[in-house]
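The values are calculated or read from the model by the stated rules, or taken from the named source; none is laboratory data. All of these numbers come straight from a predicted model, not from anything done at the bench. Accessible surface is based on the protein model in full, side chains and every heavy atom, while ligands, DNA and RNA are left aside. Shrake-Rupley method; radii C 1.70, N 1.55, O 1.52, S 1.80 Å.
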Amino acid sequence: MKLTRRILAAATLAALATAPLASLAQDIKPRLIRFGYGLNEQSNQGRAVKVFADAVAKASGGKMKVRAIGAAALGPDTQMQQALIGGAQEMMVGSTATLVGITKEMALWDTPFLVSSGQEADALLDGPVGQKVIARLPEKGLVGLVYWENGFRNLTNSKHPVAKLEDLNGIKLRVMQNNVFLDSFQALGANAIPLPFSELFSALETKTVDGQENPYNTILSSKFYEVQKYLSVTNHVYSPWIVLASKKWWDTLSKDEQKVLVDAAKASRDYERKDTREEAGRALAELKAKGMQINELSPAESARMRDKLTRVNASVAANVGMDLWNETQAELAKIRTRK
Ligand code: TK8
């Protein structure tokens, strides 16, 4: 009896001694998550990364800590993807377009005029097709959590207004490092030059390139209006961003930790899409106020551009596979009748 009591007392003492130590150790050393992204802190991307970081801190009681590293300080998208695959970096958000070299199915999202509204994009990306594409990532060493909105892309340049197809002739246009974008703008007659986003501002400033294309939000947050005079409303493609984790690292997490990240990613996605759409709604007026000259395309010129651009569809379909292409078209038809 006495012995049992003594053992019990010893056990309690041991528990008392180790419990505070264990929690202390966790307090001192939370799980650190290096989360890289390409835009500035004061951008829709930067704001949403902060929402993600706060949600992770809250849900984990401070045991998981997201260190947000923006402005491509960890390198451009492609470099961060490799760091994730190698396990040298935990997380990032970037364009699906720069992932095509790793997962060819991502090229689906580069199809010009694939969707006609943000709501259609949400339904497609969050639905079975978007999830099927995400499911191709783990075999490449990546885990895809959610898609965020980058948005509909529009054309800017420093030479002259682009009101018709021929105005693009000879324009040195920066495109993302992706063959669909390269082919698309070559088809339009521009001199397309692939460059990482992190080099874009200075390339525009030094006139290494004359123009670029990105959503209004980015033209504003990256201050492209300082080096670009003309903006043509083309809405030629909807770009998603994707939140990625290193699979090597992900597999070391507990189920609870993975759930914290998945939930926080979903919360950040919902915030990000709303925030981005609100900002896009007022960005055009702000860009005008900053001195940009903005022009719409006539319906006839829009149609000509669309006709040229959709010629890349066949190569996108071949790239991603005919089955996925057909499934996407069927899913879009379904989404459109649902509304
Ligand atoms: C930011 C990029 C950017 C994209 C581009 O890292 O490269 O033009 O639109 O958002 O991913």
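Descriptive notes on the structure:
- Accessible-area value, Tyr230, 1.4 Å probe, nucleic acids and ligands omitted, Å²: 40 Å²
- Accessible surface, region 162-242, averaged per residue in Å² (probe 1.4 Å): 33 Å²
- Residue-by-residue Karplus 3J(HN,Hα) for region 170-184, coefficients 6.51, -1.76, 1.60, Hz, glycine and proline x: x, 6, 7, 10, 5, 10, 5, 7, 6, 5, 5, 5, 4, 4, 4
- Kirkwood Rh and Cα Rg combined as Rg over Rh, evaluated for region 29-338: 0.96
- Cα pair distances in region 103-145, grouped into 10 Å bins until the bin that holds the longest one, percent each: 27, 53, 19, 1
- Helix-only arithmetic for the chain: the sum of -39500 (n - 2.57) across DSSP H runs with n ≥ 4, divided by the residue total, places the mean residue ellipticity at 222 nm at -15500 deg cm²/dmol.
- Of the solvent-accessible surface of the chain, computed with a 1.4 Å probe over protein heavy atoms with every protein chain present, carbon and sulfur atoms account for 56 percent.
- Cross-link table Lys63/Lys132; Lys29/Lys248; Lys65/Lys132; Lys172/Lys274; Lys104/Lys334, entries beyond 22 Å C-alpha to C-alpha: Lys63/Lys132; Lys65/Lys132; Lys172/Lys274; Lys104/Lys334
- For Phe152, nonlocal amide neighbours, meaning residues 5 or more places apart or on other chains whose placed amide H falls under 5 Å from its own, are Ser239.
- Accessible-area order (highest first, 1.4 angstrom probe) of the listed residues Asp275, Asp270: Asp270, Asp275
- Mean projected area of the Cα convex hull of region 137-238, taken over all directions, amounts to 7.0 nm².
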